[in-house]
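J.: Here's a structure for you.
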Ligand SMILES: NC(=O)c1ccc[n+]([C@@H]2O[C@H](COP(=O)([O-])OP(=O)(O)OC[C@H]3O[C@@H](n4cnc5c(N)ncnc54)[C@H](OP(=O)(O)O)[C@@H]3O)[C@@H](O)[C@H]2O)c1
C-alpha cells in the first residue's frame, strides 16, 4: 500500500515537512501549547499536543496515537541530568513501541563517548545518556528497532546564536577578536546548520526502509574552531586570534563565564577533547551528508 499522507510527531523538522502538506500532517508535542513558539507552529497548520516526557505516560501515549512516523529527541541541557534524559528517552521509546500504526521511528542521538574513546572519556553524560537510550531500543524493543533510524547530531553553527559568549570571539581593547577553545588549531569537529535537519529527515522518510536500523552521522563540514574564526575575521575584515587553552583552563572558563557546575563543565570539555584525541569520529562516507557551509552561514547572520 502506498501511504500518501502521513502523521508525524516531531520538533525542528516541522518547517521542512510543512512544505509537503500532501504527504505529511504534522503533530508537535509541547509542555505548553499556549507559548508563542508553539502558537507559531499552530498558525502554520501544526497540530499541538500537550505532553511532558517526564510526566504522565498516558498523556504521551495519547499524543503519539495514530502516528505513522515519530521524530524524537530529548533535551539534556534543561535539567543537566543524564538520569532525567534517559527517563525522557525511555518514555518516548516505550510509548512509540505501542503505536500500532507506526512505520518509522527517527531517533536523534549522540554516540557512546566511552566506546568511541576506548574508555578515555567517562564524563560526557549528555552523549552517554542518549547512547544508552539507543541501546535500550536495540536490546529491549527489537520490533521498534527494526524500523528505527538513529541520527547522530554534530556541532550546530547556530550555537553561535544561542550561546554567543561561548562560541563567538571576544574583542579586546586593540580590536582583535580572540576565541578560546581546548583544541589545537588543527582539530576539526563535524558541523552543520541545524536547519538542514528537516532536509535530512525528509530524505530519510522518503527512503523508507533504506535506513532502518542504520545510524546516520549528520554533518556538513569538518572545521576547526580556528578555521571558523579565521573565515569570520576575513569576512568581517577584523583581526582575529585563536587561543588553544588547556582542558582545565577551559573547564574553569565554563564555570566562571557560563555558570556551569564543575561536573557539567567537565562533560562539555571532554566532548570536545574526544575530537582532539580521536579525530573526526563522525566522518564516514556511507553516511548521508548535509549541504550548508560555514561560509554561507556567516554571510547570512550578523555575528560580529
Ligand atoms: N547544540 C549542539 O551543538 C548539539 C549537538 C548535538 C546534540 N545536541 C542535543 O540537542 C538537544 C537539545 O535540542 P535542541 O537544541 O533542539 O533544544 P531546544 O531547541 O531547546 O528544544 C528542546 C525541546 O525539548 C522539549 N522538551 C524539553 N523537555 C521536555 C519534556 N520534559 N517534555 C516534553 N518536551 C520537552 C521542548 O519543548 P517545550 O519547551 O515546548 O515543552 C523543546 O521543544 C540536547 O539534548 C543536546 O544534547 C545539541
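The values are calculated or read from the model by the stated rules, or taken from the named source; none is laboratory data. If you're wondering where the values come from, they're calculated on a predicted model, not measured in any experiment. Here Cβ is always computed from backbone atoms with ideal geometry, including for glycine, and neighbour counts include all displayed protein chains.
J.: If you go through region 40-59, how many residues are away from the ligand (no atom under 11 Å from the Cβ), farther than 22 Å from residue 93 by Cα and part of a helix (DSSP H, G or I)?
T.: Adding up the residues that qualify gives 3.
J.: Which condition does residue 217 not pass, out of (1) touching a helix residue (DSSP H, G or I) at 6+ places or on another chain (Cβ under 9 Å); (2) closer than 30 Å to residue 70 by Cα, if it passes all the others?
T.: (1)
J.: Residues of region 75-90 being closer than 22 Å to residue 200 by Cα and either more than 7 Å from the ligand (Cβ to nearest atom) or buried (at least 21 other Cβ atoms within 10 Å of the Cβ) (or both), which ones? Write out each step before concluding.
T.: Our first condition is that a residue be closer than 22 Å to residue 200 by Cα; within region 75-90, this holds for 75, 89.
Passing the criteria: only 89.
J.: Does region 193-215 contain at least one residue that is surrounded by fewer than 21 Cβ atoms within 10 Å (Cβ to Cβ) and part of a strand (DSSP E or B)?
T.: Checking region 193-215: at least one residue is surrounded by fewer than 21 Cβ atoms within 10 Å (Cβ to Cβ) and part of a strand (DSSP E or B).
J.: Return the pairs, sorted by first residue and then second, in which the second residue is in a helix (DSSP H, G or I) and near the ligand (Cβ under 8 Å from one of its atoms), the first residue lies in region 30-42 and is on the phi < 0 side of the Ramachandran plot, the beta carbons are less than 7 Å apart, and the residues are 6+ apart or on different chains.
T.: 30/38; 32/38
J.: Take the residues of region 148-179 that are part of a loop (DSSP other than H, G, I, E, B) and more than 13 Å from the ligand (Cβ to nearest atom): which is surrounded by the most Cβ atoms within 10 Å (Cβ to Cβ)? Outline the logic, then answer.
T.: Of region 148-179, the ones part of a loop (DSSP other than H, G, I, E, B) are 153-154, 157-158, 163, 168-169, 172-176.
Pick out the ones that are also more than 13 Å from the ligand (Cβ to nearest atom) and you get 168-169, 172-176.
Working: 168: 18, 169: 23, 172: 11, 173: 5, 174: 6, 175: 8, 176: 14.
So, considering only residues that are part of a loop (DSSP other than H, G, I, E, B) and more than 13 Å from the ligand (Cβ to nearest atom), the one surrounded by the most Cβ atoms within 10 Å (Cβ to Cβ) is 169.
J.: Looking at 62, 67, 72, which one is more than 19 Å from the chain's Cα centre (by Cα), surrounded by 20 or more Cβ atoms within 10 Å (Cβ to Cβ), more than 8 Å from the ligand (Cβ to nearest atom) and in contact (Cβ under 8 Å) with a residue 12 or more places away in the chain?
T.: After ruling out the rest, the residue left standing is 67.
J.: Taking residue 139, is it touching a residue at least 24 places away in the same chain (Cβ under 8 Å), more than 10 Å from the ligand (Cβ to nearest atom) and assigned to a helix (DSSP H, G or I)? Give the steps one after another, and end with the answer.
T.: On the way: touching a residue at least 24 places away in the same chain (Cβ under 8 Å): no; more than 10 Å from the ligand (Cβ to nearest atom): yes; assigned to a helix (DSSP H, G or I): yes.
Judged against the criteria, residue 139 is not a match.
J.: Still on this model: Is it the case, given these coordinates, that residue 218 is more than 27 Å from residue 241 (Cα to Cα), surrounded by 15 or more Cβ atoms within 10 Å (Cβ to Cβ), under 19 Å from the mean Cα position of the chain (by Cα) and within 13 Å of the ligand (Cβ to nearest atom)?
T.: Details: more than 27 Å from residue 241 (Cα to Cα): yes; surrounded by 15 or more Cβ atoms within 10 Å (Cβ to Cβ): yes; under 19 Å from the mean Cα position of the chain (by Cα): yes; within 13 Å of the ligand (Cβ to nearest atom): yes.
For residue 218, the condition - more than 27 Å from residue 241 (Cα to Cα), surrounded by 15 or more Cβ atoms within 10 Å (Cβ to Cβ), under 19 Å from the mean Cα position of the chain (by Cα) and within 13 Å of the ligand (Cβ to nearest atom) - is met.
J.: Residue 235 is checked against (1) surrounded by fewer than 18 Cβ atoms within 10 Å (Cβ to Cβ); (2) out of contact with any helix residue (DSSP H, G or I) (no Cβ under 6 Å at 6 or more places or on another chain); (3) farther than 29 Å from residue 263 by Cα and fails just one. What number does that condition carry?
T.: Single failed check for residue 235: (2).
J.: Moving to a separate point now. Filter region 105-119 down to the residues that are within 16 Å of the ligand (Cβ to nearest atom) and out of contact with any strand residue (DSSP E or B) (no Cβ under 8 Å at 6 or more places or on another chain) and list them by number. Steps first, answer last, please.
T.: Taking region 105-119 as the starting set, the residues that turn out to be within 16 Å of the ligand (Cβ to nearest atom) are 106-113, 116.
Hits for region 105-119 are 112, 113, 116.
J.: Applying the selection to region 3-38, what residues are modelled with pLDDT of 90 or more, within 15 Å of residue 198 (Cα to Cα), part of a loop (DSSP other than H, G, I, E, B) and within 15 Å of the ligand (Cβ to nearest atom)?
T.: Within region 3-38, no residue meets the criteria.
J.: Does region 89-125 hold any residues that are outside any helix (DSSP H, G or I) and under 22 Å from residue 60 (Cα atoms), and which are they?
T.: The answer is 98, 99, 100, 101, 102, 103, 104, 105, 106, 107, 108, 109.
J.: Going by the conditions given, is residue 128 closer than 15 Å to residue 152 by Cβ and in a helix (DSSP H, G or I)?
T.: Yes; evaluated as a whole, the condition is true for this residue.
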